[in-house]
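Structure first, commentary second.
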Amino acid sequence: MSLRTIADLGPDIAARYPYRSRFVGVNGWRMHYVDEGPPEATPVLLLHGNPTWGYLWRDTVPPLLAAGYRVIVPDQIGLGLSERPHIASAHSLDNHAANLVALVDALDLDAAVLVCHDWGGPTGLAALLSRPGRFAAVAVMSTWAWVEPSADFHHRVVPWRTMHAPVVGPYLLGRQAAMPGRGVYLSTVDRERYEATGRAAYEAVTATADERRLTWQWPRWIPLSLPTDLAADRFRRLEAGVAGLRLPATVIWGREDDVFSIDAVAPRWHDLWPHAEGVHPVTGRHFLQEDSGAEIGELLVDFAERTLGSR
Amino acid sequence: MSATVTVLAACPPGLRPVPLLVEPELGHYPEFARFFADRFGLDDDPFRPPAVVAVDGRPYELTFLGRSGRPFPSGLELAALVVDLEPLDVEQADRDLYDLVCWILDGVGPPWSAEAFARTADIFRILARPRD
């Protein structure tokens, strides 16, 4: 696959995400990331999930940069402008977490703020548990790190389990591109704004069935209390490890989130982390950054300054 | 489902398989692997030639995949069978795939169904879904 950068996606997308594309090798794959702000400043690592890429954080980055932080936004391997492995086993949860371990090692991050959304949670927190010395604080939003239940949404036959059933997944999400455009659209509040400023950027990097592979493979790793769950052991270890974390933490959530609901899922973070701040509700469904990206940036600045000191 | 899906005894001659999709992992819902094994006699002869089904007479090929350490079949490749070097009618193939998926889901049985698939396809406005 040829090397693509943010600039290659056209002037509209580049204007909204005006950062230099960088690449780093992680476990043999080419990972795209942006790295802005003073190199010596406290790093803030923003992790996206499925089916988005770093662009999801476009409105969150400016407040952090204005406050003097170093902001690092990788595209998870298989999405965005990162390499798209064709080998199914490359997309195990462990491999995705290990890719983030390789990233934070390569950048030699120290005392970073980890910010996790969706699959950025299980992968980023697994990486944090592998490299605890590299992180000083953590923020979570619309994500989880436990075995069961993930969320009621994921147990429903329509649409979730049907979407990810064998053969249906590669047909509906691969050939028919259900997720990047329509799927994100359904999980935003201001859908006109999403159509105007978001959709094209997600579809530009998932233009072919081949590029959409991870959009149907990743969800299959969500445990559903079935004997055939693919990652139950990893989630058990993750939950035990995360429960022992006592880093400064904050919980930010979309009020209208109907994938990981604010009433049912967000409080679980306080069961694990009684010391955590929040829940800070913002306008948003599952992709809350599409509706409240700048507000989330301000919340992160406030959290980081109070817990780590100003940079 | 608006089309008729039939299982053919053998592949008609002179056809070229055009890959449409690969399912690398049937195992997370093993009832799908069981359906394919039962419907195409894979337990008796796992090395048989690819299965062939027709959607309203248009043939499609199912090649079953094995993987060390996993029950067989662990995956499948689905291909359209096209005459000689003629180009694939992609839109027709997508509509046929929709009907083929319905046939598979109804064959696997509850909780999977063509009706649930139709509702899911409606949510995502899948253009290949036939209108009632």
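The values are calculated or read from the model by the stated rules, or taken from the named source; none is laboratory data. For clarity, every value in this text was computed on a predicted model and none was experimentally measured. Note: ideal-geometry Cβ built from the backbone for every residue, glycine included; neighbour counts use all protein chains shown. We work out accessible area using only protein heavy atoms, side chains counted, and drop any ligands, DNA or RNA first. Shrake-Rupley method; radii C 1.70, N 1.55, O 1.52, S 1.80 Å.
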**Asked** Once fully extended, how much extra length lies between B:R48 and B:L8, figured as 0.36 nm per residue of separation less the alpha-carbon to alpha-carbon distance?
**Response** 13.0 nm
**Request:** Find how many whole Å separate the alpha carbon centroid of segment A:15-71 from the alpha carbon centroid of segment A:166-193.
**Result:** 24
**Asked** Accessible area of A:E298, 1.4 Å probe, to the nearest 10 Å²?
**Response** 110
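Quick one: plug the Kirkwood hydrodynamic radius of the protein assembly as shown (C-alpha pairs) into Stokes-Einstein at 10 °C, 1.306 mPa s, and report D in µm²/s.
Values: Rh = 22.8 Å.
Result for D is 70 µm²/s.
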**Prompt:** Span-like helices, chain B: DSSP H, alpha-carbon axial extent 15 Å or more, mean Kyte-Doolittle 0.0 or greater, which ones?
**Reply:** B:90-108
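Could you work out, residue by residue across B:119-130, how many beta carbons of other chains sit within 10 Å of that residue's beta carbon, and then give the average as an integer? Intermediate values should be presented prior to the final figure.
On the way: counts 4, 11, 8, 2, 8, 13, 5, 7, 1, 4, 1, 0.
Partner-chain Cβ atoms within 10 Å, mean over residues of B:119-130: 5.
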**Asked** What do the square roots of 5 times the Cα gyration tensor eigenvalues come to for segment B:43-105, in whole Å, largest first, as semi-axes of the equivalent ellipsoid?
**Response** 24, 14, 11
**Complete:** Using the Cα gyration tensor of segment A:48-189, the equivalent ellipsoid's semi-axes, largest first and to the nearest Å, work out to 27, 17, 16
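Give me the net charge for the shell around A:R16: Cβ to Cβ below 11 angstrom, other residues only, Lys and Arg +1, Asp and Glu -1.
Values: positive: A:R58; negative: A:D12, A:D59.
Local charge sum for A:R16: -1.
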**Item:** Area of A:R156 that stays accessible when all protein chains are in place (1.4 Å probe, Å², to 10)
**Value:** 100
**Item:** Spacing of the two label points (7 Å from each Cα toward its C-beta) at A:R30 and A:T283, in nm
**Value:** 4.0
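Could you work out the mean count of beta carbons from other protein chains within 10 Å of each residue's beta carbon in B:22-35? Working shown, then result.
On the way: counts 7, 10, 9, 8, 3, 4, 11, 9, 4, 3, 4, 1, 0, 1.
That works out to 5 on average.
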**Message:** Quick check: Cα centre of segment B:1-47 to Cα centre of segment B:76-131, how many Å?
**Reply:** 13
**Message:** Looking at chain B, I'd like the Rg to Rh ratio, where Rg is from alpha-carbon atoms and Rh is Kirkwood's inverse mean 1/r.
**Reply:** 0.96
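Take the solvent-accessible surface of the protein heavy atoms, probe 1.4 Å, and return the percent of it on chain A that carbon and sulfur atoms account for. Working shown, then result.
Numbers: 5170 of 10270 Å².
Reported share for carbon and sulfur atoms: 50 percent.
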**Request:** Could you run the Debye sum over the Cα atoms of segment A:52-123, one equal point scatterer each and no solvent, and tell me log10 of I(q)/I(0) at q = 0.20, 0.21 Å⁻¹, two decimals?
**Result:** -0.96, -1.04
**Fill in**
Rounded to the nearest 10 Å², the accessible area of A:R246 using a 1.4 Å probe with every protein chain kept is 140
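Sum -39500 (n - 2.57) across every DSSP H segment of at least 4 residues in chain A, then divide by the residue count to get the 222 nm mean residue ellipticity, nearest 500. Could you put the intermediate results ahead of the total?
Numbers: 10 runs with 94 residues, N = 311.
Using -39500 (n - 2.57) per qualifying helix, the result is -8500 deg cm²/dmol.
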**Request:** Would you mind checking the radius of gyration and Dmax of segment A:130-237 based on alpha-carbon positions, in Å?
**Result:** 16.0, 43
**Span-like helix ranges in chain A, DSSP H, alpha carbon extent 18 angstrom or more, Kyte mean at least 0.5** = A:93-106
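Only sites in a loop by DSSP and with at most 11 other Cβ atoms within 10 Å count here; which trypsin sites (Lys or Arg not before Pro) in segment A:14-105 make the cut? Display every interim value, and only then the final one.
On the way: sites: A:R16, A:R20, A:R22, A:R30, A:R58, A:R70; in loops: A:R20, A:R58.
Answer by residue number: A:R20.
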